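Visitor: Pasting a structure below so you can have a look.
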Amino acid sequence: MSAPVVHGWCPGALRPMMSGDGLVVRVRAPLGRLTQEQAAGVARLAAEHGNGLIDMSARANVQIRGVSPASHPALIDGLTALGLIDRDVAAETRRNLVIQPFWSEGDLTHRIAHALTEALAQPDAPDLPGKFGFAVECGPEPILRATSADIRIERGENGLILRPDGSDLAAPVTEDTAAEAALDLARWFLASGGAPEGRGRMARHLASGAVLPGQFREAPVVAGAAAPAPGTTSAGQLVALEFGQITASTLAAQAELAPIRVTPWRMLLLEGMTEAPDLPGLIHDAHDPRLRIDVCTGAPGCPQALSPTRDLARTLAPHLPASQRLHISGCAKGCAHPGPAALTLTATAPARFDLIRDGRADATPEATGLAPDQIKKAI
Ligand code: SF4
């Protein structure tokens, strides 16, 4: 078995990534929100130029799958008309920003996220590695701690703070200084050697011994909360997608109901709705076992996959012990869940998986080469 390929960058819309089912075109919805017109347009374009399947990424992006190189220019024209395309690849790469999705129009989270988006679009903004990103949440209880980000603007016990991921140190900021301070921290990351050969993450850089500038000090952080469950929220209905994927037709039906906020939890927030829509592919029950399974694209969608993964996830869901999480990975790279999980199945051949307990997809397995029936018994 060959080692999985590490690309070191994430696909965008202008710089898509080739996968097993065609190009993956990642759309970064401005401030994590699609108007009804934009959502309807994305659904129509995904059906016209892709294979009609749309993934929601763990960084709250919308990924149109199955696009052929020949239809990519027409797709970009359509997305541009919807206001969803950046000026160029560099601007698109920098605008890697996750926003706490329950913001209200004009509140602090919304205002700072807007300011940071504008700052990242300036020509003098730092050119950051493709996976480097920001998280903004100014509410009393952080809920994005488990979401991948390198620079976080959040609320500490004594007010707004700027916190580099992987550090207990933070710098106090205000609404007026937060965006520029975040960019200054990004510049420090580059200048202090955080991205040799254009790749790097903040937590790794700090763990290797990099010393933060003097204004970063011990700052009491507020305890974070877990990701919310599907259901009614103050901002609308939170609906989960089976394994983070939605069809173009279900997205189009949702677009008729409400503007949509994309969350980093493989869920969509339907703004202002008080009742859950009855549409195919949506999960409303917070106890549905499929919500406890992280599963990657697998074969044939991913060229590195050694087996299909999603059918196995559907088969195993009813057998998953309550309260346990399962990670099914088409190869040892573990894209769907980079950290350890209670149970991990890593494909080693078509319909054959290694079983790992309390480890990552590339950890030493407890059992090897299991077929689906053997896995059911083992878990
Ligand atoms: S973990 Fe899954 S999606 Fe990632 S490279 Fe391997 S097979 Fe592909």
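Visitor: Quick check on segment 22-71: of everything there that is in contact with a helix residue (DSSP H, G or I) (Cβ under 6 Å, 6 or more places away or on another chain) and either hydroxyl-bearing (Ser, Thr, Tyr) or assigned to a loop (DSSP other than H, G, I, E, B) (or both), which residue is nearest to Arg266 (Cα to Cα)?
Guide: Among those that are in contact with a helix residue (DSSP H, G or I) (Cβ under 6 Å, 6 or more places away or on another chain) and either hydroxyl-bearing (Ser, Thr, Tyr) or assigned to a loop (DSSP other than H, G, I, E, B) (or both), it is Ala60.
Visitor: To continue, here is another question. Would you pick out the residues in segment 367-379 that are free of Cβ contacts under 8 Å to residues at least 12 places away in the same chain and not basic (Lys, Arg)? Explain how you work it out, then say what you get.
Guide: The first filter runs over segment 367-379 and keeps only residues free of Cβ contacts under 8 Å to residues at least 12 places away in the same chain, leaving 373-374, 377.
Asp373, Gln374, listed by residue number.
Visitor: Among the listed residues Val27, Val89, Val67, Val98, which satisfies the condition of being among the β-branched types (Val, Ile, Thr) and surrounded by fewer than 20 Cβ atoms within 10 Å (Cβ to Cβ)? Quick ask: steps written out before the conclusion?
Guide: On the way: Val27 fails: surrounded by fewer than 20 Cβ atoms within 10 Å (Cβ to Cβ); Val67 fails: surrounded by fewer than 20 Cβ atoms within 10 Å (Cβ to Cβ); Val98 fails: surrounded by fewer than 20 Cβ atoms within 10 Å (Cβ to Cβ).
Within the list Val27, Val89, Val67, Val98, the selection yields Val89.
Visitor: Would you confirm whether any residue within segment 104-116 is assigned to a strand (DSSP E or B) and of a type in the set (D, E, K, R)? Give the derivation first.
Guide: Here is the first cut: in segment 104-116, the ones assigned to a strand (DSSP E or B) are none.
No.
Visitor: Looking only at segment 277-324, which residues are more than 22 Å from the chain's Cα centre (by Cα), away from the ligand (no atom under 12 Å from the Cβ) and open to solvent by less than 50 Å² (accessible area, probe 1.4 Å)?
Guide: Pro277, Leu279, Leu312, Leu316, Ala317, Leu320, Pro321
Visitor: Of these, Thr364, Thr368, which one is in a strand (DSSP E or B), β-branched (Val, Ile, Thr) and either more than 10 Å from the ligand (Cβ to nearest atom) or under 29 Å from Gly66 (Cβ atoms) (or both)? Break it down into steps so the answer makes sense when it comes.
Guide: Working: Thr364 fails: in a strand (DSSP E or B).
Just one listed residue meets the conditions, Thr368.
Visitor: Among (1) crowded, with 23+ Cβ neighbours inside 10 Å; (2) in a strand (DSSP E or B), where does Ala342 come up short?
Guide: It fails just one condition, (1).
Let's see how each residue does on (1) at pLDDT below 95; (2) on the phi > 0 side of the Ramachandran plot; (3) surrounded by fewer than 17 Cβ atoms within 10 Å (Cβ to Cβ); (4) not assigned by TED's automatic domain parsing to the domain that holds Ser57:
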site	(1), (2), (3), (4)
Ala149	no, no, no, yes
Asp168	yes, no, yes, yes
Asp176	no, no, yes, yes
Ala181	no, no, no, yes
Ala191	no, no, yes, yes
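Visitor: Next up: Restricted to segment 325-337, and to residues that are open to solvent by 30 Å² or more (accessible area, probe 1.4 Å) and without any contact (Cβ under 8 Å) to a residue 40 or more places away in the chain, which residue is nearest to Pro289 (Cα to Cα)?
Guide: Among those that are open to solvent by 30 Å² or more (accessible area, probe 1.4 Å) and without any contact (Cβ under 8 Å) to a residue 40 or more places away in the chain, it is Arg325.
Visitor: May I ask you to list the residues in segment 205-227 that are in contact (Cβ under 8 Å) with a residue 40 or more places away in the chain and open to solvent by 40 Å² or more (accessible area, probe 1.4 Å)?
Guide: Matches in segment 205-227: Ala207, Gln215, Arg217, Glu218, Pro220, Val221, Ala223, Gly224, Ala226, Ala227.
The values are calculated or read from the model by the stated rules, or taken from the named source; none is laboratory data. Fair warning: this is a prediction, and the values are worked out from it, not measured in the lab. Positions of Cβ are backbone-derived with ideal geometry, glycine not excepted, and every protein chain shown enters the neighbour counts. The protein model used for the area step is the full one, side chains on, heavy atoms only, and it has no ligands, DNA or RNA in it. Shrake-Rupley method; radii C 1.70, N 1.55, O 1.52, S 1.80 Å.
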